[in-house]
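Structure first, commentary second.
Each value in this text was obtained by applying a stated rule to the coordinates, not by laboratory testing. Keep in mind it's a predicted model, so treat the numbers as computed, not measured. Cβ sites come from the backbone with ideal geometry, for glycine too, and all protein chains shown count toward neighbours.
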Amino acid sequence: MAKVQLRNVTKSYGTQEVIHGISLDVTDGEFIVIVGPSGCGKSTLLRMVAGLEEITGGEISIGERVVNKLEPKDRDIAMVFQNYALYPHMSVFENMAYGLKIRGVPKDEIKARVDLAAGILELAPLLERRPRQLSGGQRQRVAMGRAIVRKPAVFLFDEPLSNLDAKLRVQMRFEIQKMHRETGTTSLYVTHDQVEAMTLAHRMVVMNAGRAEQIGSPMEVYDDPATQFVAGFIGSPAKNFVKGRIAAPGVVELDGGGRIGFAQRANAEAGRAVTVGVRPEHLVAGAGQGEGITGTIEMIEQLGADTLTHIAHAGGIVILRTPHESRNAIGDTLTIRADPARVYLFDAGTGARLR
Amino acid sequence: MEKRVVFRSSWLPYALVAPQMAITLVFFFWPASQALFQSLLLQDAFAAKTQFVWFDNFRDLFNDPRYLASFRTTAVFSALVTVLGLSISLLLAVFADRVVRGARIYKTLLIWPYAVATAVAAILFVFLLNPTLGVVTHFLRAIGIDWNYLLNPTQAMILVVVAAVWKQISYNFLFFLAGLQAIPRSLVEAAAIDGAGPSRRFWTIVFPLLSPTTFFLMVVNVVYAFFDTFAIIDASTGGGPVQATTILVFKVYQDGTQALDLNSSAAQSVILMAIVVALSVIQFRYVERKVQY
Amino acid sequence: MVEHRPLRAVASHLILIAGVAVVALPIYVAFVASTLSFDQVTTVPMPMLPGTQLVHNYSEVIAHGSTLGSKAPVGRMLWNSLIMALGVAIGKIAISILSAFAIVYFRFPLRRTCFWMIFITLMLPVEVRIFPTYKVVSDLGLIDTYPGLILPLIASATATFLFRQFFMTIPDELAEAARIDGAGPMRFFVDVVLPLSRTSIAALFVIMFVYGWNQYLWPLLVTTREDMYTVVIGIKRMVAGGDQATEWQLVMATAMLALLPPVAVVVLMQRLFVRGLVETEK
């Protein structure tokens, strides 16, 4: 177990820079999730930690060592791949034992470690089978078992659940959490699924286009997004965004009509162009004093526990979430307002949050 | 494996297959059955008298020391061609796969020998290794080897093996390269993370996973050595010296044209047919196994 | 992957370059020889740099052949080879694509039988049935003719199988749509199947052209007149046996001419060639 440090890590392919200076300090035993949309560079970042990609700039340290020049086998890491990467011509036991065998671990210790991992992952009856005889979930568990027996300093997960169906994914999330509790190993986990990120992470790194937009705990990222991208990426259904301009202290005049009040903050000077962000659950029906958005109901989604009402107004579409059945009908006019404390303001140009 | 949609016509399908069926019947089935038939006969050189002798021809062949020698020669020849051909091509394919730059250039430069006719390849090596004029002969003499394949049976075998392997390198290389590139990168990466260096990765992961390709190429190379190499023998050693390079297919030709023993030649053809069929069956069986893990 | 083994990288290139060199050596020597005069070629050791006789040698063989051994002009032989190669390639593709289409898209009694009969031809190369085939060709009066050279070689089924496999991957919906549009089977074939098969046809053409051009045993048997020789068998006859001295510079010029067309086809259509190879062996 060890800490991992990334200092201003960059990656370029030829002249094109794809990862722009990411820094991260992972403490011993932490479970870090790197989340972002496809193509944001999260897998590339993980592979640089693993040694599967060259590091163009910056430094990566595992434990006390800078590992930039070290080969993957010397970095004391283990990796779980998206497509499991199990050796098809070896049995489950041999797959898990492979790394230990290479390092010259004595046979009885190999057996002890494999049995232990098999126990944790419920693989004991499958040890003599070949990968092609296993289901997707079983294969993924074997891949995890292979990582566990090595007792590495860091676990690396590259979208391990993406190839599984939805139900299996939920189940495997628990397995991963259980595994982390049992082993306490520092882990770096890459995914594009923000639900996985929210449930598994101690801390999250939200990435977009090669940059780390925010690093923080799930609740921090949810309640206190640093940028518009983070606010929109985390949470489902997505946050509502409407463009507008600050008309007066505490009030935003929205493009297309309507006004929203917000809790006062430092750099919200009058005239500034902003994007207002409000989560669907923080909107209520009914006009406030001198504020509100009025629009026509375009769609109502009854989800059972919640109702999502889509309201179309001149500035776009706003979604309102209410925890009960809606009494409105499509075509009705509705005015809604927001809790000022829950209104986020983002700079209309950079997307940075105005705090 | 059937199409869901078919057309209906009473005459069209027959018209479409007719050309191929006609050619196949006339130039394949008829001659093949003739060969089978003739192998059971004894005819004199002018086919004036014909006698049905059942398997006497075959029995004579297996009692004929020259035929058995030819069998042995063919076995040695095909073993050498296969082993050398596969090893050299695998080596080249492995490095062509690893090289980051220039992979495509190497590939182009290594595949064109396939297009050279075996006869032409033989002539080229005959020229290189000509006992009096050959450039390579000169070089061998300089390092103390007296080269004359017209007199030395072992050297004659070396010559034909070299020519045969030279031509086959590209074919093997291409298939090995394709096989290597079909192995998922993540397997190699996982092995690297597990601690395996390049050599170990190759022998414990890549090579086992390459076995379908290897086996397939083994069968193909053996078939190649048995049949496609006729031209090499004819164009270089003529089966000599003293029958040292008379492989089975060459003997069929020799006995048929020079000795004019058509029945023995036919019987030899039948035996060769049996061997090819056996090899083809093995190949089909294994190609099915190619459906991976 | 982070793997700093410079020695290995250098070794890789060295081995590959060595491989390329060994492969290219016979051709280089042949080329040099083809540009030398008779005296230069018979000197030991032969010079390793090209000489000045290129135009002379090549025009000599094309027009007159060599003075010893075979007398056939190589120009004529090249022509014969071209006819044969094109005939085999085009002939095989034509009959195979029609048969494959019939077998895949029609149901008719004897379909299975035809399929298996064609399948069996995969197993026996021509070398195994040469004498009876020779007799058939002779009986048909096709000795020393182009059809005699070409027809027996298009009897095997590799192309039929390739096309059959390819047709299996054509979505059924296309045939159904064609049917609904009122197209009969031959229209479907010409308007839909053929265009889709273009790359397969091209790939096969490369393989078959090389195969036809490089044939040795069969042309050897079926041609008796020198003006019907193909260049591949002609070259062997130019190498005189016994006491006569071979005009190696002319033989090498012929060799270069013999290998240039198929090599050019393979190199220029490399991608198609590789694809054709891989698919015909499945």
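General remarks:
- Ellipticity at 222 nm from helices only: DSSP H runs of n ≥ 4 in chain B, each -39500 (n - 2.57), divided by the residue count, give -21000 deg cm²/dmol.
- Environment charge of B:Ser264, counting only residues whose C-beta is closer than 11 Å and scoring Lys/Arg +1, Asp/Glu -1: -3
- Sorting the segments C:251-258, A:162-169 by their residues' average number of neighbouring beta-carbon atoms within 10 angstrom, most packed first, yields C:251-258, A:162-169.
- Among the trypsin sites (Lys or Arg not before Pro) in the stretch B:73-152, those placed in a DSSP loop whose Cβ has at most 13 other Cβ atoms within 10 Å are B:Arg101.
- The mean number of Cβ atoms from other chains found within 10 Å of a Cβ in peptide C:96-108 is 6, as a whole number.
- Kirkwood hydrodynamic radius (C-alpha pairs) into Stokes-Einstein, the stretch B:66-289, 10 °C and 1.306 mPa s, D in µm²/s: 82
- Applying 1/(1 + (r/R0)^6) with r as the Cβ-Cβ distance of C:Met1 and A:Ala341 and R0 = 56 angstrom yields a FRET efficiency of 0.65.
- Pairwise Cα distances in chain C exceed 30 Å in 47 percent of cases.
- From the alpha carbon centroid of the stretch C:1-59 to that of the stretch A:124-181 is 55 Å.
- Exercise: per-residue mean of other protein chain Cβ atoms within 10 Å, C:222-232: 1
- Bridge type composition, the protein assembly as shown - antiparallel percent by DSSP, nearest 5: 75
- With a cut-off of 9 Å between beta carbons, the residues surrounding B:Asp228 carry a summed charge of 0, where Lys and Arg count +1 and Asp and Glu -1.
- A protection proxy built from the mean count of other Cβ atoms within 10 Å ranks the segments C:190-201, A:66-77, most packed first, as A:66-77, C:190-201.
- Fraction in percent of alpha-carbon pairs per bin - 10 Å, the stretch B:87-182: 15, 37, 27, 18, 2
- Cα-based radius of gyration of the stretch A:1-103 once divided by 2.2 N^0.38 Å, which approximates compact folds: 1.18
- Sorted from greatest to least, the principal axis extents spanned by the alpha carbons of the stretch A:183-308 come out as 56, 40, 23 Å.
- Evaluated at q = 0.07, 0.12 Å⁻¹, a Debye calculation over the C-alpha positions of chain A (equal weights, vacuum) places log10 I(q)/I(0) at -0.40, -0.92.
- Overall dimensions of the stretch A:237-347 by Cα: Rg and Dmax, Å: 13.6, 42
- When you filter the trypsin sites (Lys or Arg not before Pro) in the stretch C:200-270 for DSSP loop state and at most 15 other Cβ atoms inside 10 Å of their Cβ, you are left with C:Arg225.
- Over all other residues within a Cβ to Cβ distance under 14 Å of C:Val267, the charged ones net out to +3, with Lys and Arg as +1 and Asp and Glu as -1.
- A quarter of the convex hull surface defined by the alpha-carbon atoms of the stretch C:5-84 gives 8.3 nm² as the mean projection.
- Helical mean residue ellipticity (222 nm; -39500 (n - 2.57) per DSSP H run of 4+; nearest 500) of chain A: -7000 deg cm²/dmol
- Here the calculated FRET efficiency for B:Phe37 and C:Arg225, from their Cβ-Cβ distance with R0 = 35 Å, stands at 0.70, rounded to the nearest 0.05.
- Phi-derived couplings, Karplus 6.51 cos²θ - 1.76 cosθ + 1.60 at θ = phi - 60°, listed residue by residue for the stretch A:69-79: 9, 7, 6, x, 5, 9, 9, 6, 10, 9, 10 Hz, with x used for Gly and Pro.
- Rounded FRET efficiency, nearest 0.05, which uses the C-beta distance separating C:Arg112 from C:His13 and R0 of 56 Å: 0.55
- Along each principal axis, taking the top coordinate minus the bottom one, the Cα set of the protein assembly as shown gives 120, 72, 62 Å in descending order.
- Applying a threshold of 28 Å to the alpha-carbon distances of A:Lys107/A:Lys151; A:Lys42/A:Lys73; A:Lys42/B:Lys107; B:Lys167/B:Lys251; A:Lys11/A:Lys178 flags A:Lys42/B:Lys107; A:Lys11/A:Lys178 as lying beyond it.
- In nm, spacing of pseudo-spin labels at C:Ile90 and B:Gln51 (7 Å Cα→C-beta vector): 5.1
- Partner aspartates and glutamates for C:Lys135 [C-alpha distance under 15 Å; skip if fewer than 8 residues away on the same chain]: B:Asp261, C:Glu127, C:Asp144
- Note on the stretch A:4-225: antiparallel DSSP beta bridges, both residues inside, total approximately 50 percent of the bridges counted.
- Helical segments meeting 24 Å axial Cα length and Kyte-Doolittle 1.0 threshold in chain B (DSSP H): B:65-98, B:153-181, B:262-289
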